[in-house]
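Working notes, beginning with the structure itself.
The values are calculated or read from the model by the stated rules, or taken from the named source; none is laboratory data. Because the structure is a prediction, the values reported are computed rather than measured. Neighbour counts run over all protein chains shown; Cβ positions are idealised from the backbone, glycine included. The accessibility values were calculated without ligands, DNA or RNA, using every heavy atom of the protein model including side chains. Shrake-Rupley method; radii C 1.70, N 1.55, O 1.52, S 1.80 Å.
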Amino acid sequence: MEFVIGIASSIVTIAAEYTIAPIKNQIKFLSNHEKSVQSLKDQVESLKDARERVRHSIDAAKRNGEEIEHDADKWLTTVNKKIDEEVERVIQDEEEAKKKCFLGLCPSFWTRYKHSMKAEEETKAVAELLGRGKFDPVSYRTAPEPPTSVKGFEAFESRRLVLNGIMEALNDATIKVIGVHGMGGVGKTTLVKEVARQVKEGQLFDSVVIATVTQTLDVEKIQNQIADLLGLKFEEPSMVGRALRLRERLNKEKKILVILDDIWASLDLEEVGIPFGNEHEGCKVLLTSRDLNVLSSGMDTQKNFLVGLLNEEEAWALFKKMAGDCVESCDLHPTAIEVAKKSARLPIAIATVARALRNKSLFEWKNALRELNRPSSGNFAGVTPAVYSAIELSYNYLESEEVKLTFLLCSLMGHDALIRDLVKYVIGLGCFQGVYTIKEARYKVLTVVSNLKASCLLLDSYNNEWFDIHDVVCAVAISIASRDHHMFVLRYGDVLKEWPDKERMNNCWAINVGSRIITELPDEMECSGLSFFCMSRNGSLKIPANFFRRTERLKVLDFTGMHFPSLPVSINLLTNLRTLCLDGCALEDISIIGKLKSLEILSFLQSDIKALPREIAQLTRLRLLDLSHCTTLKIIPPNVLSNLSNLEELYMEDCFVQWEEEVPGSERRNASLLEELKHLTHLTTLYVHIPNARIVPERLFTETLDRYRIFIGYYFGRSRPDAYEYSRTLKLKLYTSIYKDHGVKILLKKTEDLYLAQLKGIKNVLDELNNGEDFPYLKKLHIQDGLEVQYIAAEKMEFGQLQSMTLQDLPQLVSFTPEGRRYSTSQQEQEDTTTKPLFNKQAAVPSLKRMKISHLRNVQMIFHNELLAGSFCKLEEMEVQYCHQLSAIFSSTAIGIFQCLEKLKVSYCDSLEQIFELGGLNIEKTLGVEYSQLKELDISWLPALKHVWNNDYFGIPSAFQNLRRVKAFYCWSLKNLFPVSIAKDLPQLEYLRISSCGVEELVSGGEILEQPIRFKFPQMSSLVLTNLNEFKWFYPGQHTIVWPILKTLMTDCSTLLKIVASERLISTQEVNANGQRDSTIRQQLFLVEEVTPKLEELRLQKLDEIAIMSDGQFPEDLFHQIKVFEVNCFTGRSASFPISFLQRLYKLENLVFKWFDFKNLICREGDVGEKPDAGRVLSGVGKLKLAYCKNVTHIWKKDLELGHIILPNLETLEVWWCDDLINFGSSSSSFQNLTTLQVEGCNMMMNLVPPSVAQNLVHLKEMRMARCNTMKEIVANSEGDEATYEITFRKLKYLELNCLKNLASFCPGNHTFKFPSLEELIVTGCPRLKVFCHGVLSTPQLQRVKESDHHNRERWAGDLNTTIQLLYTQKNVQNSEVGELNLQLPNLE
């Protein structure tokens, strides 16, 4: 019972709690209603005050550019919503309740209850917000984010390549410090800012900071810049304290990129506070500088990138963007192009010049061009202050006055100058202190030039023996030279009506006068302080006899491209002259040179000189004699060279070869090699060619030779300026035992470039040549023409520096080195048929970059399956030709050498079936790299070639995605070029050419996929598909093709139709309902406008299908952008060609017909207008070229085929080897705007035009007539026309008459000819030309007549007719003299 009572009591108690307590709370809400509402209002006012305080703090922070803390920003949003919406609703509801309750006389208990409860809830929420509203601080400082785009950055190809290289280096964990160098204003800062933007955007680094260092090094300023970007505020007063604080902050960043821009000298990163290397693995440093040495030597950069000049296309694009589209207007465009060129492809120069000329008038553009052509210290508007300052700053920062002077001399030398010439100048001027020999001077010059290149004030040229300078830098340098060193400089294009006044000349230290600027010189040049005088390219100018009488301090005298019957007599007064250069001159009597006793440097480089005067033997102080490329030099008297006992350098490359053998008791006409050289004990440099190896005496060469280019043997041929990369070159034709003595072995040990040919009786070349010793300096090796050669080197011979190798015409070659033994001549080995690789396991060439093998008929395999570790690992270029036993180039086991190969050329290998025998090889596992580096592939004349790649299954489908250029010629067994896996991923392919091959499809079918394949070639700009007789389609399966930037397309009409047709039949070999193969499945291919939107050049061959293309059955969109159209019928018969087709080419500018029979040119009625003979007007065509065409007797004549084409705006006309051409015809409607005219090889042409047409050539600027054997006159007399004409070629500047065997005169009639602008006239190979014209002749600007377009021999006799008569007379005299001289010359055979 008690238990039950207890339970009941508990139940009552609990019930009371759940009933009475709520009632009590409800009563409380009713009784405290007014108090609750007032409490809410008070709290809201406090919250509003707190909101205002926070809002003020946020506004102040925003004004300081600070970021608002997220919780503060969120609190403010919540408070606004609480006050403005929720609390305000409670208060409004309370006021409404008062109005509604019994007319406001008594309260509603239910309403009061609800409002009281809501007010208390809101009061608590407001109180909580007040408690959270205390922020210290309310904001924070952030590192500025890189902009989404960098102002001034243009994604040009040249910049993109550098940027990609930098990004790759940043991704390389082993590279910590990276350098970017280039001249001032080239865009280094803009580039690294773009790098910063991209790495931040791609989250490659957590943070990126940039600081500008500048020339004036300020460590504190650098620290502050980095700190600002990190949001760091220094409190430490000392530099060391700030460095520690900055290092601490940078170490908190997991991955950070620090960019230090514009470094001028070595900077201690530790002093700044930048951790790197082992201290912070995630910190990388990117540096920019004008000076490569500062980066590589001063900052220990691990990888450096050069930001060079823009290419021409990029420069014009930037110039056009900055100057506006006005540059494309007809009148402004030519001037704008010239101005753009003068900006020297330097971005800052382009931008400032183009911006300055934006929206300017034509005369302002022309004035700017004038100033750019002729900058001066007084008026330098042609180069803007920003450009001038950038370059001048680099100049001012050069280390010494002698370096500055050397740089200024470089600017006088201009483009592509020789180090050798610069050495001649600095020795003559005595620029360097403490330099006593030419060898020392050369090392000094090389060092200075290298530093100037590192500073980007000079540029690279052909090789290390040359240098270059671009126009803007050159212009600024010349301005500085004029201002600071009293150099008087006149360059090409400058006009000097009279010689400057005496006061100005007296102060000159140097004078440099360019091409044909001065027509007359004063009798005396009063320049007492003159040290340097240079005059060039003014062959007709006469130097007065006393011109040098008052220039007694002159040290360097340089005449280039002049004509001297004799030197001025006052030259013997130049007692201080140390350097005399007579380069490229036509020289006759120069014996006066023997009186220049102080002369140390004498140069006749490329001069026309027949005999070296005996008086030169008196120049006993001479240290350098340069006779290079004096091809007419036939006589060097005995004992002249041997008397020059102080001679250190002798250059006789491509020069004198008439060395005579020393025969006791006989009198010699020419020098003996041994007798001359044995007395030159100081000789350190020798360039010489000795055709007859039999006359080479013993012990001719000594160890004192440090630089040499020695050729022994008959004709080697002339070489390009860039042919020799190295300073020690030896070329030997070993048909005698010359290599066994004569001092050759002394040179072999030091030789860098070794060329060996005609090796008789030699089986192991280098082993026998050098007794098995190594060639430690050898960098280039060329061996050819050895019928008995079996091996190249001994087994363990090392070639650690060998970079280039050519093996050619060695039919018995077995291997590069013998395997296991030296070599054998046994019959057993000769009959051994085992396949031996050309390069076996013993071949050690770790530095080889370029290799060519040719005419090796026994070689069946190039590389051993197991090559020596490291050998061939740097091979970049490889060429294989005439190796008829090869079946493959690369086997799967030898693919390791492929890792660096960029260029591969294979040709004339009759048995070759495949290039890459890769099978199922995984490229990445084999090479250790994801992609092959192969960029260029060139294959030709491979009749057995079946596959380039023999398999379509690689470990990585995109293994060859670096391919840029692919060419295939005359591979008739080749049925396709690319496997699908490769063709799908060729993002870099720019050029593809397949000609005269058996190709049926470009991409092999393989297992044809059901889904369509999209082939996209985003970089393809040129496509050539010609003479593909078996061609069916691009790819046999369903596919689309896109080449969005394709500009040039050369193909046959039928091939074009098969590729570009909107639909075609595809052989899919599906089985039809009857169980038979059905090969006619129709498939949609692609839209033309998607594929070739930018096609500008269309060159068609084999016109068999031209009717389809011209009859509206072909998509017209293909032709809308065509600017160049060519018809070439060389490979097929000349089919009919409708003229109307040309009118579909709306933007046509350039029209070419080659090997075309003009009988097949069709003009159909209704094409144009109502009359079939109305003519087709092609107003946009500015250039027409006809080459090897038939049945074109006149260029324009109404009743002939070509007469139906009217070109009213034609500017350039070229006619080559059109044998049926008689003359240009009488119609002149297409000649009126002609500026350039070239005619060559038209053997039926007796004259060019009649006088009536010649009168209309008012815009002609250039005319060239060559090799027209029957031509008698240029302008003919019209039959029956007895009128006398006055013909003015108002704008003609250049006229060339070349190999016109029957030309008697320019015009036989008594007409008046005026050439007011003619500056250059070349007359060569015109033996019957006795007089230029018979009527009145005026040529006010002409001062010379050149006898060749590549030699500097010139003549002038006061007027043109007299000069032509003089040339005719002298030509007959010279011909007789040459005949006599040939009879006297010894037989060299």
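Restricting segment 523-542 to residues that are open to solvent by 30 Å² or more (accessible area, probe 1.4 Å) and not charged (D, E, K, R) leaves a set whose member that is farthest from GLU1320 (Cα to Cα) is SER528.
Of the residues contained in segment 424-434, none is found to be within 28 Å of LEU372 (Cα to Cα) and under 26 Å from the mean Cα position of the chain (by Cα).
Looking across VAL327, VAL285, one residue alone is open to solvent by less than 60 Å² (accessible area, probe 1.4 Å), touching a Phe, Trp or Tyr at 6+ places or on another chain (Cβ under 6 Å) and not in a loop (DSSP other than H, G, I, E, B). It is VAL285. Scan segment 770-792 and tell me whether some residue there is crowded, with 17+ Cβ neighbours inside 10 Å, closer than 16 Å to LYS745 by Cβ, touching a strand residue (DSSP E or B) at 6+ places or on another chain (Cβ under 9 Å) and of a type outside the set (Phe, Trp, Tyr). Yes, segment 770-792 has at least one match.
For segment 289-310, a residue qualifies if it is in contact with a Lys or Arg (Cβ under 9 Å, 6 or more places away or on another chain) and part of a strand (DSSP E or B), and exactly one does: SER289. Residue-level check: of (1) touching a residue at least 40 places away in the same chain (Cβ under 8 Å); (2) farther than 24 Å from ASP753 by Cβ; (3) among the hydrophobic types (A, V, I, L, M, F, W, C), LEU674 misses just (1). Scanning segment 674-685 for residues being in contact with a helix residue (DSSP H, G or I) (Cβ under 8 Å, 6 or more places away or on another chain) and either open to solvent by less than 20 Å² (accessible area, probe 1.4 Å) or among the small types (Gly, Ala, Ser) (or both) gives a total of 2. Picking from residues in segment 949-974 that are open to solvent by 30 Å² or more (accessible area, probe 1.4 Å), in contact with a strand residue (DSSP E or B) (Cβ under 7 Å, 6 or more places away or on another chain) and assigned to a loop (DSSP other than H, G, I, E, B), the one that is modelled with the lowest pLDDT is ASN950.
Could you check, for segment 860-874, whether at least one of its residues is surrounded by fewer than 22 Cβ atoms within 10 Å (Cβ to Cβ), of a type in the set (Gly, Ala, Ser) and at pLDDT 85 or above? No: zero hits. Report yes if ALA265 is aliphatic (A, V, I, L, M), surrounded by fewer than 16 Cβ atoms within 10 Å (Cβ to Cβ) and within 24 Å of THR190 (Cα to Cα), otherwise no. Here the answer is yes, as ALA265 does meet what is asked. So which residues in segment 538-566 are of a type in the set (A, V, I, L, M, F, W, C) and under 18 Å from THR519 (Cα atoms)? Result: LEU541, ILE543, ALA545, PHE547, PHE548, PHE559, MET562, PHE564.
Pick out the one residue from VAL387, VAL426 that is modelled with pLDDT of 75 or more and crowded, with 21+ Cβ neighbours inside 10 Å. Within the list VAL387, VAL426, the selection yields VAL426.
Picking from residues in segment 607-632 that are among the β-branched types (Val, Ile, Thr) and surrounded by fewer than 18 Cβ atoms within 10 Å (Cβ to Cβ), the one that is nearest to GLY430 (Cα to Cα) is THR620. Restricting segment 670-692 to residues that are modelled with pLDDT under 85, in a loop (DSSP other than H, G, I, E, B) and out of contact with any Pro (no Cβ under 8 Å at 6 or more places or on another chain) leaves a set whose member that is farthest from LEU612 (Cα to Cα) is ASN692. The residues of segment 330-341 that are assigned to a helix (DSSP H, G or I) and either aliphatic (A, V, I, L, M) or open to solvent by less than 50 Å² (accessible area, probe 1.4 Å) (or both), listed by number, are THR335, ALA336, ILE337, VAL339, ALA340. Checked against the criterion of being over 26 Å from ARG550 (Cβ atoms), open to solvent by 20 Å² or more (accessible area, probe 1.4 Å) and of a type in the set (Asp, Glu), segment 585-606 has at least one qualifying residue.
When the residues of segment 553-599 are filtered to those that are among the aliphatic types (A, V, I, L, M) and part of a loop (DSSP other than H, G, I, E, B), the one that is nearest to the chain's Cα centre (by Cα) is MET562. Residues in segment 434-456 that are at pLDDT below 90 and polar (S, T, N, Q): SER450, ASN451, SER455. ASP460 satisfies every condition listed in (1) buried (at least 16 other Cβ atoms within 10 Å of the Cβ); (2) in contact with a helix residue (DSSP H, G or I) (Cβ under 7 Å, 6 or more places away or on another chain); (3) of a type in the set (D, E, K, R) except (1). Flag: LYS1058 matches the condition of being open to solvent by less than 80 Å² (accessible area, probe 1.4 Å), of a type in the set (D, E, K, R) and either touching an Asp or Glu at 6+ places or on another chain (Cβ under 7 Å) or at pLDDT below 85 (or both). Being more than 24 Å from LEU295 (Cα to Cα), at pLDDT 85 or above and among the aliphatic types (A, V, I, L, M) is a description that does not apply to LEU257. For GLU399, the conditions (1) more than 22 Å from LEU346 (Cβ to Cβ); (2) in a helix (DSSP H, G or I) are fulfilled apart from (2). Looking at LEU250, LEU217, just one residue is open to solvent by 10 Å² or more (accessible area, probe 1.4 Å), more than 22 Å from SER158 (Cβ to Cβ) and among the aliphatic types (A, V, I, L, M), and that residue is LEU217. Taken as a whole, the structure leaves LEU357 outside the set of residues that are within 29 Å of the chain's Cα centre (by Cα), within 25 Å of SER158 (Cα to Cα) and surrounded by 23 or more Cβ atoms within 10 Å (Cβ to Cβ). In segment 1318-1359, what count of residues is obtained for those that are assigned to a loop (DSSP other than H, G, I, E, B), within 16 Å of THR1288 (Cβ to Cβ) and open to solvent by less than 30 Å² (accessible area, probe 1.4 Å)? Adding up the residues that qualify gives 5.
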